[in-house]
Every structure is written in C-alpha cells, then in structure tokens.
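Engineer: Below: one structure in structure tokens.
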Amino acid sequence: MGPHQSLLLNGRLTTMRLVTAAFIGGLVIASPLAFADEENSDKTTWGLGVGAISEQDPYAGMDRENTPFPLLLVENRYISVFGPEIEFKLPSLVISDSQQLNVGIVAQYDGSGYEQGDASILNGMSEREGGFWAGAKVEWNTHLVDVGAEWLTDVSGNSDGQRFNFGLERTWQFGEHVLLTPRVGASWQDDKDVDYYFGVRDSEVRFDRPAYTGESAVNIEAGVRGVYQFDQHHSVLIGVEVTSLADEIKDSPLVDRSTQNAVLVGYLYTF
C-alpha cells in the first residue's frame with residue numbers, strides 16, 4: 001500500500017505544496033498535495049522527481065514562461081521538505097477521530113520579481129528580486145474540509161513585506177490510484193509587498209509609466225491538484241491555479257491583466 005492510500009485510510013492529511021519558487025511568488029501556494037502521514041512513527045518518506053511549470057505573470061507584454069525544475073520530498077513527523085519550502089512541525093492536536101490541528105514553522109524561497117529585459121514596460125525599472133520568506137502555518141483537518149492559514153514575512157529584506165494566506169480544500173479518492181483536490185482561497189499582501197513588485201518610483205517614471213504607490217491587496221484564488229499513483233513508488237502530479245488580482249495590483253501601470261495563472265506537472269519517485 002503506497003503513501004497516498006495509507007494517508008486516506010488513516011483519515012489524516014499532511015498537506016504539502018507542489019510548487020516552484022515562481023509558483024509560490026505568483027500564486028501562493030498553494031497548491032498543496034497529500035503525502036504519507038507519519039505522525040505516529042519516526043519513519044521518513046523520501047522522494048525524487050522532476051517537474052515543469054507554465055505560468056503567465058500579469059506584467060504587460062511579459063511572455064508566458066515555461067520552467068523545468070527538480071523535485072525533492074522529505075517527510076516525517078518532525079519536518080517536511082518539498083520544492084523550495086521547508087516546514088518544521090510542531091506537535092499536532094487531535095481533537096477527535098475526524099479532526100486534527102497541525103501547526104508548523106515554515107521557510108520558503110520566493111522567485112517573484114523581474115528584470116528590465118523581461119518586458120518593454122519594465123525597461124528603465126530597477127530590478128525587483130525574490131527572496132526568502134518565513135512564518136507560521138496552521139491546518140485544521142476535518143472529514144468535510146481542510147482549512148489552512150499561513151502568515152509570512154520577507155526575511156531577506158527586499159520588500160520588507162508581509163503576506164497572509166487562507167484556503168479551503170478537500171481531497172477525494174477515485175479508485176485506488178487517483179487523488180483530486182480542489183481548492184479556493186484568498187491571499188493578502190501588505191502595502192510594502194505590493195509597492196515593491198507593482199509600484200513605480202519617481203525615478204522610474206516615463207511618459208507611459210506614471211508613478212504608482214502600491215497599497216495592501218487581497219487576491220482570490222481557485223485551483224485543483226491531482227495525483228495519479230501507478231504503484232507505491234511512481235506518481236504523476238498536476239496542478240492548475242488561477243488568481244483574480246485585486247484592484248490595487250490591476251491599477252498598476254505595469255499590469256495589463258486581471259488574472260494570472262499557472263499549470264504544473266511533475267513526476268515523483270517515492271522510495
């Protein structure tokens with residue numbers, strides 16, 4: 001019996017994001033996938049694989065970007081690592097047979113940002129860099145729906161911003177091989193975060209790019225992730241997510257889209 005089947009039979013979920021740095025930066029996470037829950041043992045699950053993400057950022061004139069990346073999975077009762085995120089797990093609270101509260105400390109790399117050559121609207125703009133974010137997350141797992149919340153701050157000091165993410169999701173099993181997880185959520189970015197990535201400084205103004213100061217914003221997200229497990233070792237992963245951007249981002253002169261989206265596929269071998 002593979003880790004996905006064990007997860008569902010035990011009635012507990014350990015959610016992990018199937019993300020690259022760009023996926024985190026643009027869509028927030030998001031996109032969690034379920035793996036083996038080892039709450040009651042010291043066993044560690046290891047996995048290696050490869051994936052690719054196709055994403056469309058909202059900056060005007062920026063082409064869709066397709067990026068391959070490696071996958072590394074490390075999962076046990078103390079720590080989980082998947083993609084550019086690491087979580088240090090705190091003791092869980094078992095509320096009942098069907099409810100559990102999980103809390104963790106997280107750190108992740110965010111590949112948001114741009115360079116001048118990424119689009120003509122960005123020519124003459126100073127580079128905006130990604131960086132490392134850290135914070136805390138909490139998950140309330142029930143038999144009806146899983147509720148997750150996460151607070152992050154930019155510890156690299158590039159934007160000095162903060163983010164808060166909230167989401168609802170539920171995983172269904174179809175047969176012995178397929179897991180499907182639809183998700184809806186919202187992500188809040190403070191004014192420093194929005195201003196850093198979507199603002200235009202006085203020194204960057206030109207005739208078609210007026211000065212713009214970003215304000216805090218709430219984006220709405222929806223997506224679905226899926227796992228097809230051939231056997232206990234081989235799995236194919238897919239994720240699709242669309243984000244409806246807040247007016248505070250859409251009003252930026254750097255932006256010409258009301259949404260951004262990403263599609264991710266991957267293969268994972270679990271040892």
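The values are calculated or read from the model by the stated rules, or taken from the named source; none is laboratory data. The structure presented is a predicted model; accordingly, all values stated were derived computationally and were not measured. When we count neighbours, we look across all protein chains shown, and the Cβ atoms used for this are built from the backbone with ideal geometry, even at glycine. Areas reflect the complete protein model, heavy atoms only, side chains present, ligands, DNA and RNA absent. Shrake-Rupley method; radii C 1.70, N 1.55, O 1.52, S 1.80 Å.
Engineer: So is Leu122 open to solvent by 30 Å² or more (accessible area, probe 1.4 Å) and hydrophobic (A, V, I, L, M, F, W, C) or not?
Structural biologist: In short, no.
Engineer: May I ask you to verify whether Val218 is surrounded by fewer than 17 Cβ atoms within 10 Å (Cβ to Cβ), among the β-branched types (Val, Ile, Thr) and within 30 Å of Leu237 (Cβ to Cβ)? Lay out the reasoning, then the answer.
Structural biologist: On the way: surrounded by fewer than 17 Cβ atoms within 10 Å (Cβ to Cβ): yes; among the β-branched types (Val, Ile, Thr): yes; within 30 Å of Leu237 (Cβ to Cβ): yes.
Judged against the criteria, Val218 is a match.
Engineer: Follow-up question, since we're still on this one. For the stretch 29-59, give me each residue that is modelled with pLDDT of 85 or more and crowded, with 17+ Cβ neighbours inside 10 Å.
Structural biologist: Thr45, Gly47, Gly49, Gly51, Ile53, Glu55, Gln56, Asp57, Pro58, Tyr59
Engineer: Scan the stretch 68-80 and tell me whether some residue there is of a type in the set (A, V, I, L, M), under 23 Å from Asp154 (Cα atoms) and modelled with pLDDT under 85. Please lay out each step first, then the result.
Structural biologist: As a first pass, look at the stretch 68-80 and keep what is of a type in the set (A, V, I, L, M): 71-74, 79.
Those still in the list that are under 23 Å from Asp154 (Cα atoms) too: 79.
This time we only want the ones that are modelled with pLDDT under 85, so: none.
No - not one qualifying residue is present in the stretch 68-80.
Engineer: What's the number of the condition Ser187 fails, among (1) surrounded by 14 or more Cβ atoms within 10 Å (Cβ to Cβ); (2) closer than 30 Å to Ser120 by Cβ; (3) touching a helix residue (DSSP H, G or I) at 6+ places or on another chain (Cβ under 8 Å)?
Structural biologist: (3)
Engineer: From the list Gly239, Gly214, Gly223, which one is within 27 Å of Trp188 (Cβ to Cβ) and in a loop (DSSP other than H, G, I, E, B)? First the steps, then the outcome.
Structural biologist: Working: Gly239 fails: in a loop (DSSP other than H, G, I, E, B); Gly223 fails: in a loop (DSSP other than H, G, I, E, B).
On inspection, the qualifying residue turns out to be Gly214.
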